[in-house]
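These notes are about the structure you will find just below.
The values are calculated or read from the model by the stated rules, or taken from the named source; none is laboratory data. Since the structure is predicted, the reported quantities are computational estimates derived from the model, not experimental observations. Heads up, the Cβs are rebuilt from the backbone with ideal geometry, glycines too, and the neighbour counts pull from every protein chain shown. Heads up: the accessible areas ignore ligands, DNA and RNA and are worked out on the full protein's heavy atoms, side chains in. Shrake-Rupley method; radii C 1.70, N 1.55, O 1.52, S 1.80 Å.
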Amino acid sequence: MLVAPTEPSLLDAHGRAIRYLRISVTDRCDLRCRYCMAEAMTFLPRSALLQLEEIAVIAERFIARGVTKIRLSGGEPLVRRDVGELVRRLGRHVGAGLDELTMTTNGTRLADHARALAAAGIRRVNVSLDTLDPERFRYITRHGDLAQVLAGVVAAKAAGLRVKINTVALAGLNEDELPAILAWCIDQGHDLSLIETMPLGAIDEDRTDRFVPLTRVFETLSARFDLIRDGHRTGGPARYWRVKGTDTLLGLISPLTANFCDGCNRVRLTTEGKLYACLGHDDQVDLKTALRSGGIAALDAAIDEALRIKPKRHAFDLSVPAVARHMSVTGG
Ligand code: SAM
Ligand code: SF4
């Protein structure tokens, strides 16, 4: 049943209206990017995960209460077997409460799914790609095949999806390649968002060795490309530039060096049904238990509680994981 949007009622204690829900549909992944996961990553037991119907009910409740944008992420969303069903169900709300349904994917299975995603109402996808060099790609992801991801990107474009490439800037791994990646995006008609590494979850290496401040990257890029500041805001930690004379929007996502919390409009639903009001804090409410024990009324009460505790700002410090959970659990 389609839910008719009602008056927005998702205001937090600091007066911010919540419009954006990110959902991690699985914590599992077919890659093991070094900055994201340990090689021998332990995943949650399947019994701990939200069922598809529960994800849909929670998402629809958020839509009814004023959320206009939903992003499906993970883990790798396309490794969840029933994700297509979820996309079709939520896609029915696009234009009827929801302005946009999007996905962040590593692209390995995108070639198989791109047409179905487009048919379900998705218009844009973010594809994570940290290098265009097959050997580097294999190293960063610990075993990935670059050709698969590139085929996924081609399929997405052919299906009419707008592609944004997400690239984490990594000292000694891809910092030297970032101008070439931007040139490739311009050539292919994609957008590009560069991301600073964030201290989320234990990994096998020291993130401080790989951290690149995007202020440094910006200096390099602006020496080579004509970058014009763009007012485009998403309520998140990104600032945008238009590459003059092209279709490409360049985003710089620097949660550590830039303060974006005042305009934050988002909350995150984990694979286990916990709602985190801030990526950089451990406070959460358990929507799965609320829904299972008390239905929609209890779900609403739990959502209200999350809004009440949403902190004013994050507390990231690169040297220690600010929070123990990995990005794959909270959904990037
Ligand atoms: N598997 C999908 C993918 O890679 O696009 C979706 C989930 S992934 C966690 C979402 C985004 O988070 C990716 O662009 C990834 O590069 C980024 N990411 C993961 N761990 C990160 C970290 N510790 N710091 C910054 N970005 C991170
Ligand atoms: Fe998987 Fe995405 Fe994490 Fe890479 S960044 S390990 S693709 S969840």
Problem set entry | the stretch 181-192, residues that are open to solvent by 50 Å² or more (accessible area, probe 1.4 Å) and charged (D, E, K, R) | Asp187
For this session: Kindly indicate the residue of the stretch 95-115 that is more than 13 Å from the chain's Cα centre (by Cα) and open to solvent by less than 10 Å² (accessible area, probe 1.4 Å) and also nearest to Ile70 (Cα to Cα) among those meeting that condition.
Result: Leu98
Problem set entry | Search result, residues across the stretch 184-225 that are under 22 Å from Val127 (Cβ atoms) and without any contact (Cβ under 8 Å) to a residue 12 or more places away in the chain | Asp187
For this session: Return yes when Ile228 is within 16 Å of ligand 2 (Cβ to nearest atom) and in contact (Cβ under 8 Å) with a residue 12 or more places away in the chain and no when it is not.
Result: no
Exercise. Any idea which of Gly245, Gly236 is assigned to a loop (DSSP other than H, G, I, E, B), among the small types (Gly, Ala, Ser) and closer than 21 Å to Thr102 by Cβ?
Worked result: Gly236
Exercise. Quick check: is even one residue across the stretch 41-56 outside any loop (DSSP other than H, G, I, E, B) and in contact with a strand residue (DSSP E or B) (Cβ under 9 Å, 6 or more places away or on another chain)?
Worked result: yes
For this session: List the number of the failed condition for Val154; all other conditions in (1) open to solvent by 20 Å² or more (accessible area, probe 1.4 Å); (2) under 15 Å from Ser128 (Cβ atoms) hold.
Result: (2)
Exercise. With respect to the numbered conditions (1) buried (at least 20 other Cβ atoms within 10 Å of the Cβ); (2) within 12 Å of ligand 1 (Cβ to nearest atom), which one is the sole condition not fulfilled by Phe137?
Worked result: (2)
Seminar exercise, completed: So, first residue within 22 Å of Arg89 (Cα to Cα) in the stretch 22-42, second residue more than 9 Å from ligand 1 (Cβ to nearest atom) and of a type in the set (D, E, K, R), Cβ within less than 6 Å, six or more apart or across chains; the pairs are Arg22/Arg71; Arg22/Arg268; Val25/Arg80; Thr26/Arg80
For this session: May I ask you to list the residues in the stretch 20-57 that are of a type in the set (D, E, K, R), farther than 24 Å from Leu129 by Cβ and at pLDDT 95 or above?
Result: Glu53, Glu54
Exercise. Would it be correct to say that Ala111 is without any contact (Cβ under 8 Å) to a residue 40 or more places away in the chain, small (Gly, Ala, Ser) and closer than 18 Å to Leu31 by Cα?
Worked result: no
For this session: For Arg124, work out the one condition from (1) closer than 30 Å to Leu10 by Cβ; (2) in contact with a Lys or Arg (Cβ under 9 Å, 6 or more places away or on another chain); (3) open to solvent by 50 Å² or more (accessible area, probe 1.4 Å); (4) touching a residue at least 60 places away in the same chain (Cβ under 8 Å) it doesn't fulfil.
Result: (4)
Seminar exercise, completed: Of the residues in the stretch 160-180 that are surrounded by fewer than 18 Cβ atoms within 10 Å (Cβ to Cβ) and part of a loop (DSSP other than H, G, I, E, B), the one that is nearest to ligand 1 (Cβ to nearest atom) is Ala171
Seminar exercise, completed: Checking Arg92, Arg88, Arg28, Arg22 in turn, the sole residue that is open to solvent by 50 Å² or more (accessible area, probe 1.4 Å), within 16 Å of ligand 1 (Cβ to nearest atom) and in contact with a helix residue (DSSP H, G or I) (Cβ under 9 Å, 6 or more places away or on another chain) turns out to be Arg28
For this session: Run down Ile195, Ile228 and say which single residue is exposed (fewer than 14 other Cβ atoms within 10 Å of the Cβ) and touching a strand residue (DSSP E or B) at 6+ places or on another chain (Cβ under 7 Å).
Result: Ile228
Exercise. Which pairs have Cβ atoms under 7 Å, sit 6 or more apart or on different chains, and link a residue in the stretch 269-293 that is touching a residue at least 60 places away in the same chain (Cβ under 8 Å) to one that is assigned to a loop (DSSP other than H, G, I, E, B) and basic (Lys, Arg)?
Worked result: Ala277/Lys310
Exercise. Any idea how many residues of the stretch 201-221 are open to solvent by less than 50 Å² (accessible area, probe 1.4 Å) and either over 11 Å from Glu175 (Cβ atoms) or in a loop (DSSP other than H, G, I, E, B) (or both)?
Worked result: 6
